[in-house]
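Student: I'd like to ask some things about the structure below.
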Amino acid sequence: MSARRRWLCGALAAAFFVAAMPVNACAATILEVGSRGEDVTRVQQRLIQYGYMSGSADGRYGEATRDAVEWFQERNGLAVDGRVGAETAAALGVTLGGSSAAEASSSATIVSSDHRLLAKLVYAEARGEPYKGQVAVAAVVLNRVESASFPNTISGVIYQRNAFTCVNNGSINNTPDNSSIRAALDALNGWDPTGGCLYYYNPKTATDDWIRSRTVQTVIGRHYFCT
């Protein structure tokens, strides 16, 4: 995870906890070394997605999970104790004792102007795509932010001239749904299903020969992601 994305993640973690956590949510649940079960599996899946942990999510909270949690806490400005309580769970986007944030039916919360704009881009460009594909579209924007070939802000990348069809046709102004909001937050937290791609296109609708000349790295849903 790059320094820029770690910084974004740290700023979002605190905001997400304050804005999104209901009163007393997860108060009775603390995960630590020795814990087992579905909550541990969900935490491990997030840590793996965000690049803090390798291997598989086995539902057992051992030393490797503790170390990954401590790393995540350190990078996100949280108290570093290697345990997952309400604050760390919120920053990870996990609901202890329930479904993950990506699957939860409760309303998603926008935590910053960058998050809002990215969610609007995801909704305009990728609604109807698999959830992983929505995260991938958001990740492409963040990969461009980190590339010297593009503007170094989310708004700069999205509003770069002729970069995205949804800006040209005005659909960027539509209100994002819960899935788009969560997908944008997952990407900001470090999940990049594309492995660093800078472009994507739908082969059934793309008319530009140049984009079709790019090297395709992965296909998610109807989109080809490329470098």
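Student: If you go through region 25-79 one residue at a time, how many are aliphatic (A, V, I, L, M), surrounded by fewer than 17 Cβ atoms within 10 Å (Cβ to Cβ) and closer than 14 Å to Ala89 by Cα? I'd like the intermediate steps shown before the answer.
Tutor: Our first condition is that a residue be aliphatic (A, V, I, L, M); within region 25-79, this holds for 25, 27-28, 30-31, 33, 40, 43, 47-48, 53, 57, 64, 68-69, 78-79.
Narrowing further to those that are surrounded by fewer than 17 Cβ atoms within 10 Å (Cβ to Cβ): 25, 27-28, 30, 33, 48, 64, 79.
Those left that are additionally closer than 14 Å to Ala89 by Cα: 25, 27-28, 30, 79.
Total satisfying the criteria: 5.
Student: Which condition from (1) more than 29 Å from Ala86 (Cα to Cα); (2) surrounded by 16 or more Cβ atoms within 10 Å (Cβ to Cβ) is the one that Ile110 breaks?
Tutor: Of (1) more than 29 Å from Ala86 (Cα to Cα); (2) surrounded by 16 or more Cβ atoms within 10 Å (Cβ to Cβ), only one is false for Ile110: (1).
Student: Could you tell me whether Ala163 is closer than 17 Å to Gln49 by Cα and not basic (Lys, Arg)? Full working, then the answer.
Tutor: Values: closer than 17 Å to Gln49 by Cα: no; not basic (Lys, Arg): yes.
Against the criterion (closer than 17 Å to Gln49 by Cα and not basic (Lys, Arg)), Ala163 does not qualify.
Student: Let me ask you something else. Within region 199-219, does at least one residue satisfy the condition of being in the same structural domain as Glu125 (by TED's automatic domain parsing), assigned to a loop (DSSP other than H, G, I, E, B) and within 27 Å of Leu47 (Cα to Cα)?
Tutor: No, that holds for no residue.
Student: Moving on. With Ile154, Ile172, Ile158 as the choices, which residue is under 24 Å from Arg75 (Cβ atoms), in contact (Cβ under 8 Å) with a residue 40 or more places away in the chain and not assigned by TED's automatic domain parsing to the domain that holds Glu38? Spell out how you get there, then give the answer.
Tutor: Values: Ile172 fails: under 24 Å from Arg75 (Cβ atoms); Ile158 fails: under 24 Å from Arg75 (Cβ atoms).
Exactly one residue qualifies, and that residue is Ile154.
Student: Let me ask something additional. For region 109-121, indicate whether the set of residues that are of a type in the set (Val, Ile, Thr) and either in a helix (DSSP H, G or I) or farther than 28 Å from Ile48 by Cβ (or both) is non-empty. Quick ask: steps written out before the conclusion?
Tutor: Here is the first cut: in region 109-121, the residues of a type in the set (Val, Ile, Thr) are 109-111.
Next, only the ones that are either in a helix (DSSP H, G or I) or farther than 28 Å from Ile48 by Cβ (or both) stay: none.
Within region 109-121 (the criterion being of a type in the set (Val, Ile, Thr) and either in a helix (DSSP H, G or I) or farther than 28 Å from Ile48 by Cβ (or both)), the answer is no, since none of the residues qualifies.
Student: Using beta carbons and a limit of 6 Å, which pairs, at least six apart or on different chains, have the first residue in region 200-218 and closer than 21 Å to Val135 by Cβ and the second one part of a helix (DSSP H, G or I)?
Tutor: Close Cβ pairs (under 6 Å, with a partner that is part of a helix (DSSP H, G or I)) amount to Tyr200/Val140; Tyr201/Ile211.
Student: Sticking with this structure for a sec: If you check Ala79, Ala102, Ala86, Ala57, which single one turns out to be at pLDDT below 85 and either over 30 Å from Asp177 (Cβ atoms) or among the hydrophobic types (A, V, I, L, M, F, W, C) (or both)?
Tutor: After ruling out the rest, the residue left standing is Ala102.
The values are calculated or read from the model by the stated rules, or taken from the named source; none is laboratory data. Because the structure is predicted, anything quoted here is derived from the model rather than measured. Glycine also receives a Cβ, built like all others from the backbone with ideal geometry; neighbour counts cover every protein chain displayed.
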